[in-house]
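Here the structure comes first, spelled out in structure tokens, and everything after it is commentary.
Please treat every number below as a calculation from the coordinates, not as lab data. Predicted model, so just to flag it, every value in this text is computed and none were measured.
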Amino acid sequence: MIPIKNKKKTLKTTIEEMRNFSFAYVEKYAPSKQQLKTYLLKKYLKSSSLSVKKKDIADLIDLVTEDLVKTNFISDKFYSDSKAKNLLQRGSSINK
């Protein structure tokens, strides 16, 4: 028999969970900072209860994304350069 986990999440486990979500997403897609924030918000709201305030979640997401920016896991400059390079390879105009 599988026991039911009815354990409340602490702040530390929530931050670790968000870091794990963000590492998996960054590894797969190389997103911009805003794309990562949107993904984490959607992912957390989908998987958690509605008793948590969005403001608190947004603060945690900001904390995690700033940590990833400091460690150079995500970079908006890298994202924009790779996006421009990809568009040029597909034949888009430079003047567009």
Quiz prompt | Extension gain, Ala30 back to Asp76 (0.36 nm per residue minus Cα-Cα distance, nm) | solution = 15.6 nm
Practice problem: Check cross-link reach from Lys54 to the aspartates and glutamates: straight Cα distance under 13 Å, and skip same-chain residues fewer than eight apart. | Solution: Asp62
Quiz prompt | Cα point-scatterer Debye curve for the range 11-73, base-10 log of I(q)/I(0) at q = 0.27, 0.30 Å⁻¹ | solution = -1.31, -1.59
